[in-house]
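Since the structure comes first, as structure tokens, the remarks are kept for the end.
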Amino acid sequence: MLNIITGRFTSTGTNQFVYLPSGFTRFEMNNVSIETTPVDGSIAQAYFEPWMANGTGIGYKTVAADGNAIAPLAFTTNGFYFYDNTSQAYQFGTAYASTISTATPPLVTTSNTSGLQNGSIVRFYTSTGASQINAIDFTIGSVTTNTSFTLPYMTALPAAVTAGTYRQVNYLPYLYPSKRVISNMVANSNNPLWTDVTMTVTGDFVVGQKVRLTVDPVNFGVSFVLPQYSTNWPYQTEATVMAVNITSSVNTITVDAQITGTFAWPNNPTYAFTPCFVVPAGINAGITYQNNIDPDSSAFRNLGMQGLTLVGGAGNPAGASGNIITWRAYTANYAIPYF
């Protein structure tokens, strides 16, 4: 028995992801716009099967010199890419030497930035001069190839890292831990009873979400002011997320908890310590309704994603901007294994 899922989209000229929760044994697309009005070199039809390498596929393009006949084309890189964020744990890349400046934001200098891009996550090791950042993950900012990258969500280091290594954390968002290390905490400028919490890695916190914050007053200089909801006062409290602000240079949540003291990282400690961190702890339905957010939306949303990315462009499966694309995904109840 053959099951078929169909759909259509209007191309934007960029890559298009097609969600296929049931998988597929064959995927086909037709560019209705090109089939109706041929354009030389444009893809009219294409298909992809699981045994094919990522980025490949077979397409059929129009050839104006041949009366707009259809000619076969084998994609090598600009075809189809299979994606499944539920089947791979995060892994670590190769370790590369690095130094880190005291600038704001800190600038990491390295001779190798292979695989890095804005938004990648890295972890540092053996950092001489600033051991406080060892074994902590950071979302990176701008990358200068094989030269440097920035840490936009980290405060300035009191002393530079003169030698050390970093590794890229190759992860899938579905499996990356929800715990976030805190890089800074300051009183909110509009409400001193609230606190702006900056995290080293971006997350998916939402307004109305309950979180649990843990701090170390001895090493980081801050503690919580009553009321708090933990027997470990002043080290831990629960709060509600009142605002979320994530940009290229800001990664904060504002919570309805008050702190006392000034947040500062320990400077190159020679002893073990626990970083300050924040973790999800539930939902405040009243706040979510007040902000027109379904309080159940995040709890019951299936973040697992499986499907195909069609590369955009006139000579590629997702087509040029404005093209109408129809697609079909076939799923067989039994298929002979590929060898």
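If I filter region 150-173 down to residues being over 15 Å from V201 (Cα atoms) and of a type in the set (S, T, N, Q), which single residue comes out as farthest from the chain's Cα centre (by Cα)?
Only one residue fits best here, namely T162.
Going through V143, V169, V186, V181 one at a time, which residue ends up being modelled with pLDDT under 95 and touching an Asp or Glu at 6+ places or on another chain (Cβ under 8 Å)?
V169
Assuming P192 fulfils every condition listed in (1) part of a loop (DSSP other than H, G, I, E, B); (2) more than 26 Å from T104 (Cβ to Cβ) apart from one, which condition is it?
(2)
Could you tell me which of the residues I58, I34, I5 is without any contact (Cβ under 8 Å) to a residue 40 or more places away in the chain and surrounded by 13 or more Cβ atoms within 10 Å (Cβ to Cβ)?
Residue meeting the stated conditions: I58.
Restricted to region 119-165, and to residues that are of a type in the set (F, W, Y) and within 24 Å of P269 (Cβ to Cβ), which residue is surrounded by the fewest Cβ atoms within 10 Å (Cβ to Cβ)?
Restricting to residues being of a type in the set (F, W, Y) and within 24 Å of P269 (Cβ to Cβ), the top hit is Y125.
Has region 58-69 got at least one residue that is part of a strand (DSSP E or B) and touching a Phe, Trp or Tyr at 6+ places or on another chain (Cβ under 7 Å)?
Yes, region 58-69 contains at least one residue that is part of a strand (DSSP E or B) and touching a Phe, Trp or Tyr at 6+ places or on another chain (Cβ under 7 Å).
Go through region 322-339 and report how many residues are part of a loop (DSSP other than H, G, I, E, B) and either modelled with pLDDT of 95 or more or surrounded by 17 or more Cβ atoms within 10 Å (Cβ to Cβ) (or both).
Matching residues across region 322-339 total 2.
In region 61-78, which residues are surrounded by fewer than 17 Cβ atoms within 10 Å (Cβ to Cβ), of a type outside the set (A, V, I, L, M) and within 33 Å of the chain's Cα centre (by Cα)?
Residues satisfying the conditions are T76, T77.
Which condition breaks for L116 when tested against (1) modelled with pLDDT under 90; (2) part of a strand (DSSP E or B); (3) surrounded by 16 or more Cβ atoms within 10 Å (Cβ to Cβ)?
Every condition holds for L116 apart from (2).
Here are T56, T94, T109, T102: which of them is at pLDDT below 90 and either closer than 30 Å to S183 by Cα or hydroxyl-bearing (S, T, Y) (or both)?
T94
The values are calculated or read from the model by the stated rules, or taken from the named source; none is laboratory data. This structure is a prediction, so every number in the text was calculated from the model and none was measured. Glycine also receives a Cβ, built like all others from the backbone with ideal geometry; neighbour counts cover every protein chain displayed.
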